[in-house]
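S.K.: Attaching a single structure in structure tokens format; questions to follow.
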Amino acid sequence: MIYRFVLSICLIAASCSLAAQQKGGYTAPDYKKIEKVTKDKNSINYYPKLLSRYTGGDTTITVSEMEMLYYGWFFCDSVAFMGISTGGSRDSINAIHKRGVATNEDRRQLIKYYKEELSSAPFKLGTINALANLHEKLGDPKAEVYIHNLRMLCNLILSTGDGLTLKSGFHVNNISDEYSLLSVLGLEFGGEQSLISDCDYLKVAENDQHIKGIYFNVAQILLQESKALGFDKLELPSKKREVGG
């Protein structure tokens, strides 16, 4: 079962189209500043306070605060920064999907499991999208909160680059968001991913924008991985792999 992306591609494209973005019309995250303010207990952007508002469904969070949340996640002391879901939740989700057409009871169970995933990766676009779809199918107004968050997060990520070069890759805080962003942009993964310098490069299927592939800046993810492994710096060679369908 594949959930459609609930955001209107046209809505995103109107303000963040790859073709429309002008050189210099984007800003990469200032990770040093983000780390400093989100760890400052006297700051309005102190991370635990912001995260409590976000997980509580506060839709008054500003764009600037969402930036602190999404990229500040790297610096949260208890963060599982790669956004790896718990095996039990994922196994349960897959089991329900394999049964085919979902009943409302299936949807309620899926909501429970996706929320478990979100507890360890609260900004994972695919999970937020699934929850938006499920609540929408049940006629639950909570869908609007997830749609709101999804819209803010997608526009935030798209504001960090144009995705067309190594220097202007979109900044993400987990790898799965790369594939979600392709869907939002109306692009399809072309089956090949390469790690080139600090960027993941995803080739895309033929499209009317004539885009060959999209770059995603993963420098901060690599840095956090190296720290988790106990290294000051982790050197990873450029690599290419084919992804099966």
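The values are calculated or read from the model by the stated rules, or taken from the named source; none is laboratory data. All values derive from a computational prediction rather than experimental measurement. Ideal geometry is used to build each Cβ from the backbone, glycine not excepted, and the neighbour counts take in all protein chains shown.
S.K.: Among all residue pairs at least 6 apart or on different chains, which show Cβ distances below 8 Å where the first residue, located in region 114-126, is within 17 Å of residue 94 (Cβ to Cβ) and touching a residue at least 24 places away in the same chain (Cβ under 8 Å) and the second is crowded, with 20+ Cβ neighbours inside 10 Å and basic (Lys, Arg)?
M.R.: 117/124
S.K.: Sticking with this structure for a sec: Of all residues in region 40-73, how many are buried (at least 16 other Cβ atoms within 10 Å of the Cβ) and charged (D, E, K, R)?
M.R.: 2
S.K.: Could you please find all residues in region 159-172 being within 12 Å of residue 200 (Cα to Cα) and crowded, with 21+ Cβ neighbours inside 10 Å?
M.R.: Matches in region 159-172: 163, 169, 170, 171, 172.
S.K.: Of the residues 88, 72, which single one is modelled with pLDDT under 95 and either closer than 27 Å to residue 139 by Cα or assigned to a helix (DSSP H, G or I) (or both)?
M.R.: Of 88, 72, the one residue that is modelled with pLDDT under 95 and either closer than 27 Å to residue 139 by Cα or assigned to a helix (DSSP H, G or I) (or both) is 88.
S.K.: All but one of (1) of a type outside the set (Lys, Arg); (2) outside any helix (DSSP H, G or I); (3) over 13 Å from the mean Cα position of the chain (by Cα) hold for residue 133; which doesn't?
M.R.: (2)
S.K.: In this structure, is residue 207 buried (at least 21 other Cβ atoms within 10 Å of the Cβ), part of a loop (DSSP other than H, G, I, E, B) and out of contact with any Lys or Arg (no Cβ under 6 Å at 6 or more places or on another chain)?
M.R.: For residue 207, the condition - buried (at least 21 other Cβ atoms within 10 Å of the Cβ), part of a loop (DSSP other than H, G, I, E, B) and out of contact with any Lys or Arg (no Cβ under 6 Å at 6 or more places or on another chain) - is not met.
S.K.: Looking at region 173-196, which of the residues that are of a type in the set (S, T, N, Q), under 13 Å from residue 216 (Cα atoms) and out of contact with any Leu (no Cβ under 6 Å at 6 or more places or on another chain) is surrounded by the most Cβ atoms within 10 Å (Cβ to Cβ)?
M.R.: Ranking the qualifying residues of region 173-196, first place goes to 173.
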